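> Sending over a structure as structure tokens; questions will come in a sec.
Just so it is clear, none of the values below were taken in a lab; they were calculated from the coordinates. Please read all numbers here as calculations on a predicted model, not as lab measurements. Don't worry about glycine lacking a Cβ; one is built from the backbone with ideal geometry, like all the others, and counts go over all protein chains shown.
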Protein chains: 2
Amino acid sequence: MTIYKAPLIDYKFLFEDVFDVYSIYQGLPNSSDLTPELTDDILEQAGKFAEQEIQPLNYPGHEEGCHWENGKVTTPKGYKEVYKKYIASGWTQISENPNYGGQGLPRIINAAIGEMNLSACAAFGIYVTRDGSIATIENNASKELKEKYLPKLIDGSWGGPMCMTEPHCGSDLGLLRTKAEPYNDGSYSISGTKMFITGGEGDLAENNIHLVLARLPDSPKGIKGISLFIVPNILVNDNGSLGDKNSVSCGSIEHKMGLNGSSTCVMNFDNATGFLVGEINKGMRAMFSMVNKSRFTIGQQGTALAEVSYQNAALYAQDRLQMRALTGVQYPELTADPIIVHPDVRRMLLIQRAFAEGSRAFNTYIALLFDKQERTVDEKEKQTCTTLLDLLTPICKGFNSEMCTESVNLGLQTFGGHGYIRENGMEQFVRDARAAQIYEGTTGIQGLDLLGRKILASQGKSLKVFTKEIHLFCEENKNHQQIKPFIDRLSKVNNQWLELTLKIGANAMTNPNDVGAASVDYLMYSGYVTFAYFWAKMAKVAADKLENNINNNINNNSPFHQAKLQTARFYFERILPRTALHAELMISSSDNLMEMEAENFVFNS
Amino acid sequence: MTIYKAPLIDYKFLFEDVFDVYSIYQGLPNSSDLTPELTDDILEQAGKFAEQEIQPLNYPGHEEGCHWENGKVTTPKGYKEVYKKYIASGWTQISENPNYGGQGLPRIINAAIGEMNLSACAAFGIYVTRDGSIATIENNASKELKEKYLPKLIDGSWGGPMCMTEPHCGSDLGLLRTKAEPYNDGSYSISGTKMFITGGEGDLAENNIHLVLARLPDSPKGIKGISLFIVPNILVNDNGSLGDKNSVSCGSIEHKMGLNGSSTCVMNFDNATGFLVGEINKGMRAMFSMVNKSRFTIGQQGTALAEVSYQNAALYAQDRLQMRALTGVQYPELTADPIIVHPDVRRMLLIQRAFAEGSRAFNTYIALLFDKQERTVDEKEKQTCTTLLDLLTPICKGFNSEMCTESVNLGLQTFGGHGYIRENGMEQFVRDARAAQIYEGTTGIQGLDLLGRKILASQGKSLKVFTKEIHLFCEENKNHQQIKPFIDRLSKVNNQWLELTLKIGANAMTNPNDVGAASVDYLMYSGYVTFAYFWAKMAKVAADKLENNINNNINNNSPFHQAKLQTARFYFERILPRTALHAELMISSSDNLMEMEAENFVFNS
């Protein structure tokens, strides 16, 4: 069985030392009551809940899975009780709008809690994440709809499944067929079938408020004819009480590779009553107002599973005795040395660690941007935050999920044959993690979004906002003795990032396929540079802390800060070099991909 | 549900055109009766059996798994019937020794059949592979034991599980505790617990002939005190009939990530009667006499799963309509273009294809070496074959299994959300493939075996045998107009291979950890160069065929050969560049891995 310990020490380091978040919140409206003490207290409690209540659900829920019978979905044993406790403790309300019952604390707190939940049990953690639905309603719906639905979504009584995908369309929502026909009273009749609906039906919340994309009869074809609707599973009376059952039903649940405790539903809407959110035919815009938040959550899932897999692999490597070190016997009192003496085992562990901690820093930076974007009164700063969020979200979603799959596979590998055995829990992380590269847009979609929509479409302007920030950091620290080798490497890949973008942009003028051919390598390159920036930032703080201890004759060599510096070195020497490969591949012509005739991809012998 | 088509056309191309195997067998004793017609006929029949009989077992067996009740193991529904048909058709006998009932055909035939079986259903394919056990007995046991056990192993009536691993030792067999105590009659009493025993118990064969590693009471510690025993599940009378049940029992079966149809057993030996194979204390040597064959089979599993995943992904990409091509609408009559128009989908498919076909060529080369090694009367040639097999086996096992996991994950990714759904079959390939990186020695073990035992221990001599062959091929073809760019790249990485080896060898003199730190990158580098050699060989043949058609005014642009050339180009332009990264990493010092204190790998907050 696996263990999990909430990474409180790392969050404290990030909040206080790396990002100095308390000073930032001092300067934002309604935010200054966030103190280190309050944060520590909340995260400690949340960590305890994740470790003690949520984590025990993880493996049994993987083995049991969800059940579907006559349209009713049951979650695995124990989910219901823990869910009740979770919402009773108010965890879903932490960072939501106080006008609707939220506690209004910054999103970085909620984000940290979200990571812990997902580490403890990814399938359960998904059920208690509803930032996306809440934001969609909050930003797009009428005052009446907001007042009717938000309080119960925020206090966790109701769930808010997003209903986009249909059997014949996932990435390409322009093809969707679900129909919406107006009734006389301003509501709509919604009919169609949605699939891959996470939490579409279940036994945790007393009601589900579906957010459904559908098409009016006279709407244009494609994505310009799609509108967004609230379709409650049980209709809600004007006084807020539950009314009649709506014509919404769950046709089946999927049997998946992983995330078995999370129900993935086929949802049938059969002349169900729905309520328009925002304007007719502007459904995609409304839905995409929350896409950054939903995708960020998937990026966090990457961090979460990499972290818990790492923790278990590192413990195993300290315990498992097998062979002697190449340099000779290290533990003569034991029958063999623990496998952590082997360089290749450390290589695997350090990839996991560099990724888990690097992505946590990256996620914290993004959560900070969400807070600043929402709270600042400085319009220019707000715009900068929006630009950065649009740029960084596909990197966070796409790169984190790719790195996570690499990481959890290495965690399994460290266990050797025992990693392949279900009871040991390492294979569950691999199976749960695999979804993150797919849902909320595959890695391919993230690559195109980043390179095409976000960067080339703005002539690279959005990218320059971020590379300039990195450039300034490099300039400030170029003479910092201990991290100079990191700064030199970071500076080089940061400059190259812009050069590569220009080159691909030029190629794209003559052949648009060159963008598609470059996109995933471009995404990966971008991820490695982004992580390098955060690793350099962390290394600087760690180096300064250690230096400070020496200067002040403090007798503490701080293993935490030493390990940060060592992991940073590992990142720069053994992971960042991957950028050169992606750089070469992304400017390889698309010809080597496109020249084969489609029909020659398969030969019948 | 997935499909599978046996790659007969590719095998014909490899046997006749790339390796010219019929000329080779003409020059070997007892081999000249192999004709293209005979081969085509056998492979066609074997392909049909794999497609029609074995493949239908695949997905249902994944979902059902094996059953254990009171020590009895039952395989999934249908396995037993197909197994009976399989052995009745004589497929297990194809390449075995005619003295014991084999048909004595070259191993390349058996290897091709093995790949097809594993593609059709990996779990089933494992049950019918027993080359390793047969070779171990044939090469090490007494005449009496051979005559008693080989015929039934070869005709498939009996299985031959290899029993090495124990709960506390997998990679490090020196730690094993299973005891062997001599009886007066020359037999032994065997006691101990073995785990991860593939096919240790089941309902397919009427008896299992376990090959068990155990230690005599007065034997030295470590691997020098291990002996090998035959321990039948049911004792065999002198007349060959089945006698008493031996004290061998299956304590449980593992619940695994994949290969659910293949029973993985805990085997208890409780004063079971065993018979010594070879000499006392030379058990490791005896067991390792077959290790190349067993590891080769795992390398083939890589090819097999990559191939079947590719076939399904390519078909899906031709069918699935989603979005329009970046260059504009390609199929105006359809609601959207098939996803094969997207460069990134092609990138994923071509990685799969380049790997499946490249590894098939590599495997065929190795199977040829097995044949030449066994059959040639030229001692020098035999020695060269042995050297090459020792060198290439860890590459085949380690690299093929790593590339396979990458490949099957890309196959799943091409399906998008549908890839994550069990019924669609793509996730099974990911789960089944994952074992190959672990069993018969993890990738880390293969890396150390290759770099340490095979290359550095021989001062690089074994490597030079292979790099010289590549060098000669490059010299011969350096002016070949169409493949010149490939030859240039191959020649460069081939030279670099030796240089890197020298560098690591020099580093290792001062710090043995540098070998461990380099080993997996070295393995991967070696794999990419090896594949480049076989891709260049295939490209040359394909280019010559196409040229020949033009010169002779043959009106056939041969899509098969064009696709080969195109896939070769893809390999050289988009896969081979990975070598530069591995080259950089393998000479990165081990310091960045070793400097962190073992206890600092985990922080308790």
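> Might you report the magnitude of the Cβ-based charge dipole of region A:152-284 about its Cα centre, with Lys and Arg at +1 and Asp and Glu at -1, to the nearest 20 debye?
For region A:152-284, the charge dipole is close to 440 debye.
> Just want to confirm a number: the relative contact order over region B:461-593, from Cα pairs under 8 angstrom separated by 6+ residues, in percent.
31
> Treating cross-link reach as a plain straight distance, find the aspartates and glutamates whose alpha-carbon is under 14 Å from the alpha-carbon of A:LYS224, omitting any fewer than eight places away in the same chain.
Reachable aspartates and glutamates: A:ASP172, A:GLU279.
> Still on this structure, I have one more. Please list, in order along region B:467-475, the HN-Hα scalar couplings obtained from phi with the Karplus expression 6.51 cos²θ - 1.76 cosθ + 1.60 (θ = phi - 60°), rounded to whole Hz, x for Gly and Pro.
For region B:467-475, the Karplus curve yields 5, 5, 4, 5, 4, 4, 4, 5, 4 Hz.
> Compute the distribution of all C-alpha to C-alpha distances in chain A, in bins of 20 Å from 0, and list the percent of pairs in each, rounded to whole numbers.
Calculated P(r), rounded to whole percents: 19, 53, 26, 2, 0.
> Send over the Kirkwood Rh of the protein assembly as shown, from the inverse of the averaged 1/r over different Cα pairs, rounded to one decimal Å.
31.7
> Then there is this: Once you've got the Cα coordinates, tell me which of B:LYS12/B:LYS397; B:LYS293/B:LYS397; A:LYS12/A:LYS293; B:LYS85/B:LYS194 are over 20 Å apart.
The pairs that break the limit, which is 20 Å between Cα atoms, are B:LYS12/B:LYS397; A:LYS12/A:LYS293; B:LYS85/B:LYS194.
> Also: Could you calculate the FRET efficiency of A:LYS492 with A:GLU16 from 1/(1 + (r/R0)^6), where r is the beta carbon distance between them and R0 is 41 Å, rounded to 0.05?
Details: r = 30 Å, r/R0 = 0.74.
Efficiency, rounded to the nearest 0.05: 0.85.
> Take the alpha carbon gyration tensor of region A:8-131, find the square roots of its eigenvalues, order them as a ≥ b ≥ c, and report rounded if a/c is under 1.5; if not, report prolate when a/b exceeds b/c, else oblate.
Prolate.
> Across peptide B:402-415, what mean number of C-beta atoms from other chains lies inside 10 Å of a residue's C-beta?
Partner-chain Cβ atoms within 10 Å, mean over residues of B:402-415: 1.
> A further question on this structure: Would you grab the residues whose amide H sits under 5 Å from the one on B:GLU166? Only those 5+ places off in sequence or on another chain, please, with H modelled 1.01 Å from N.
B:MET195
> Now a separate question. Which whole-Hz ³J(HN,Hα) couplings does region A:172-186 yield from phi under the Karplus relation 6.51 cos²θ - 1.76 cosθ + 1.60, θ = phi - 60°, glycine and proline marked x?
Karplus-based 3J(HN,Hα) across region A:172-186 equals 9, 5, x, 7, 5, 10, 4, 9, 10, 10, x, 8, 6, 7, x Hz.
> Here's something else I'd like to know. Residues with beta-carbon under 13 Å from that of B:ARG320, excluding B:ARG320: net charge, scoring Lys, Arg +1 and Asp, Glu -1? Walk me through the numbers before you get to the answer.
On the way: positive: none; negative: A:ASP172, B:ASP319, B:ASP337.
After counting each charged neighbour, the total is -3.
> Something else: Averaged over its residues, how many other protein chain Cβ atoms are within 10 Å of peptide A:344-352's Cβ atoms?
6
> Using a 10 Å cut-off on Cβ atoms, rank the peptides A:539-548, A:399-408, B:80-89, B:38-47 from the highest mean neighbour count down.
Working: A:539-548: 19.3, A:399-408: 26.0, B:80-89: 15.9, B:38-47: 17.4.
Per-residue mean Cβ counts within 10 Å order the peptides as A:399-408, A:539-548, B:38-47, B:80-89.
> Quick one: which residues, 5+ away or cross-chain, put their amide H under 5 Å from the amide H of B:GLY200? H built at 1.01 Å from N.
Under 5 Å from the amide H of B:GLY200 lie the amide H atoms of B:CYS265, each far enough along the sequence or on another chain.
> Still on this structure, I have one more. Report the residues of region B:164-198 in range of a label on A:ARG422: point 7 Å along Cα→C-beta, backbone N strictly under 19 Å from it.
Residues B:196-198 fall inside that zone.
> Still on this structure, I have one more. Using a 10 Å cut-off around each Cβ of peptide B:565-575, what is the average number of partner chain Cβ atoms that fall inside?
Per residue, the number of nearby Cβ atoms from other chains is 4 on average.
> Work out the FRET efficiency for A:ALA88 and B:ILE9 from their Cβ-Cβ distance, taking R0 = 56 Å, and round it to the nearest 0.05.
For R0 = 56 Å, the calculated efficiency reads 0.30.
> May I pose another question? Go ahead and estimate [θ] at 222 nm for chain A from helices alone: -39,500 (n - 2.57) per DSSP H run with n ≥ 4, summed, over the residue count, rounded to 500.
Result for chain A: -17000 deg cm²/dmol, rounded to the nearest 500.
> Send over the per residue convex hull volume for region A:291-456, Cα only, as a whole number of Å³.
Working: hull volume 21.9 nm³, N = 166.
Expressed per residue, the convex hull around the Cα atoms of region A:291-456 is 132 Å³.
> Here is a follow-up. How charged is the neighbourhood of B:LEU448? Take every other residue with its Cβ under 11 Å from the Cβ of B:LEU448, and add Lys/Arg as +1 and Asp/Glu as -1. Please list the in-between numbers first.
On the way: positive: B:ARG453, B:LYS454; negative: A:ASP344, B:ASP449.
Result for the local shell: 0.
> Sticking with this structure for a sec: Quick one: if the Förster radius is 22 Å, what FRET efficiency do B:ILE234 and B:GLU181 give, using the C-beta to C-beta distance and rounding to 0.05?
About 0.55, to the nearest 0.05.
> Where a Cα-Cα gap under 22 Å defines reach, which lysines qualify for B:LYS484, not counting those fewer than 8 residues away within the same chain?
B:LYS468, B:LYS492, B:LYS537, B:LYS540, B:LYS545, B:LYS564
> Once Lys and Arg get +1 and Asp and Glu get -1 on their Cβ, which of B:TYR528, A:ASN208, B:LEU500 lies farthest toward the positive end of the dipole of the protein assembly as shown?
About the Cα centre, the residue reaching furthest to the positive side is B:LEU500.
> Same structure again: Highest first, please rank the peptides A:293-304, B:104-115 by the mean number of other Cβ atoms sitting within 10 Å of their residues.
Most protected by this proxy first, the peptides run A:293-304, B:104-115.
> Just add up the charged neighbours of B:ALA539: K/R +1, D/E -1, any other residue whose Cβ is under 13 Å from the Cβ of B:ALA539.
For residues surrounding B:ALA539, the net value is +1.
> In units of 2.2 N^0.38 Å, what is the alpha-carbon radius of gyration of region B:1-60? Mind showing how you got there, number by number?
Working: Rg = 14.5 Å, N = 60, 2.2 N^0.38 = 10.4 Å.
My calculation over the Cα atoms of region B:1-60 gives 1.40.
> Over all distinct Cα pairs, what is the inverse of the mean 1/r for region B:461-593, reported as the Kirkwood hydrodynamic radius in Å?
When all Cα pairs of region B:461-593 are included, the Kirkwood radius is 16.2 Å.
> Given H placed 1.01 Å from N in the peptide plane, which residues other than close sequence neighbours of A:GLY251 have an amide H under 5 Å from its amide H?
Amide H neighbours of A:GLY251: A:VAL266, A:MET267, A:ASN268.
> Using a/c under 1.5 as the rounded threshold, could you call region B:403-499 rounded, prolate or oblate? The axes a ≥ b ≥ c are square roots of the C-alpha gyration tensor eigenvalues, and prolate needs a/b larger than b/c, oblate otherwise.
The shape class here is oblate.
> Let me ask you something else. Take every DSSP beta bridge whose two residues both sit in the protein assembly as shown, then give the antiparallel share in percent to the nearest 5.
Within the protein assembly as shown, antiparallel bridges account for around 90 percent of the total.
> Does a label point 7 Å from the Cα of B:THR327, set along Cα-to-beta-carbon, have any residues of region B:350-365 with amide nitrogen under 20 Å, and which are they?
Correct set: B:350-351.
> Suppose a student asked you for the relative contact order of chain B, using Cα pairs under 8 Å spaced at least 6 residues apart; what percent would you report?
Once normalised by length, the contact order is 12 percent.
> Right, here's the next one. What is the distance in Å between the Cα centres of region A:184-251 and region B:375-450?
Spelled out, the Cα-based centre of one part sits 48 Å from the other.
> Could you work out the relative contact order of region B:291-452? I mean the mean sequence separation of Cα pairs under 8 Å and 6+ apart, divided by the number of residues, in percent.
Relative contact order, region B:291-452: 33 percent.
> Pop out the ³J(HN,Hα) list for region A:378-389 in order, Karplus 6.51 cos²θ - 1.76 cosθ + 1.60 with θ = phi - 60°, rounded to Hz; leave Gly and Pro as x.
Values, residue by residue: 7, 4, 5, 5, 4, 4, 4, 4, 4, 4, 5, 5 Hz.
> Hey, another quick one. Let me make sure I get this right: for region A:178-295, a, b and c are the square roots of the gyration tensor eigenvalues over alpha carbons, sorted descending. Under 1.5 in a/c it's rounded, otherwise prolate if a/b > b/c, else oblate. Which is it?
Because a/c hits 1.5 or more and a/b fails to exceed b/c, region A:178-295 counts as oblate.
> What is the Rg over Rh value, at two decimals, for region A:46-106, using alpha-carbon atoms and the Kirkwood definition of Rh?
Computed over Cα atoms, the ratio is 1.09.
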